[in-house]
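The structure under discussion appears below in the form of structure tokens.
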Amino acid sequence: MSNLTFKAKVFHFSKEDFFIVGFADDEYEYQNYIIMQKAFNFDEQDISLGMDGEYIEVNGDSSYKVCTKATLKNYSFSIECKVKDSTRIIEVLIDEITLDKLIIDYLCEILGEKLVILE
């Protein structure tokens with residue numbers, strides 16, 4: 001797995017049975033995207049399958065509970081993922097979009113103590 005940096009032009013967030021936040025480089029013809037989500041509750045099957053944590057999907061690759069650290073700054077969001085024996089850093093440049101408090105709250109719900117917010 002290699003590192004990835006892309007400029008987000010669109011984002012989506014919602015709250016249904018889970019929190020979800022996503023960034024992409026285009027609304028319809030995207031080449032790069034990241035989706036993060038986390039359920040409100042986990043049942044016994046989720047726990048036994050190791051699906052009792054954050055879900056992260058990057059350009060079609062997905063895993064549960066792989067985030068080791070995430071950082072939100074004024075103009076970027078980066079997330080460090082550990083998959084098997086390698087570490088992958090995804091950096092999303094967000095200088096063209098405005099994040100309101102709600103999306104930041106959703107990121108906090110999904111990533112918990114792994115998320116560091118810098119001013």
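Overall size of the stretch 1-97 from C-alpha positions, given as principal axis extents largest first: 41, 34, 25 Å.
With a ≥ b ≥ c taken as the square roots of the eigenvalues of the C-alpha gyration tensor of the stretch 1-49, please select rounded if a/c is under 1.5 and otherwise prolate if a/b is larger than b/c or oblate if it is not? Before the final figure, lay out each step's value.
On the way: a/c = 3.69, a/b = 1.81, b/c = 2.04.
The shape class here is oblate.
When the chain is described by a simple charge dipole with +1 on each Lys and Arg Cβ and -1 on each Asp and Glu Cβ, the residue from Val58, Thr5, Phe19 located farthest towards its positive end is Thr5.
Pairs to check: Lys7/Lys38; Lys65/Lys101; Lys15/Lys101; Lys15/Lys82. Give those whose C-alpha atoms are more than 20 Å from each other in this structure. In this structure, Lys7/Lys38; Lys65/Lys101; Lys15/Lys82 exceed 20 Å between Cα atoms.
Within the shell of other residues whose beta carbon sits under 10 angstrom from the beta carbon of Ile79, the net charge comes to 0, with Lys and Arg scored +1 and Asp and Glu -1.
Give me the net charge for the shell around Leu99: Cβ to Cβ below 12 angstrom, other residues only, Lys and Arg +1, Asp and Glu -1. Result for the neighbourhood of Leu99: -2.
Other residues with beta-carbon under 12 Å from the beta-carbon of Cys108 carry, at +1 per Lys or Arg and -1 per Asp or Glu, a net charge of -1.
Note: relative contact order over the stretch 4-117, using C-alpha pairs below 8 Å and six or more positions apart, is 25 percent. One decimal place: the segment Glu113-Ile97 gains 3.3 nm when fully extended, by the rule 0.36 nm per residue minus the C-alpha distance.
Every number in this text was worked out from the coordinates using simple rules, so none of it is lab data. None of the values given here were measured: they were computed from a predicted structure. Here the Cβ is made from the backbone with ideal geometry for all residues, glycine too, and neighbour counts use every protein chain on show.
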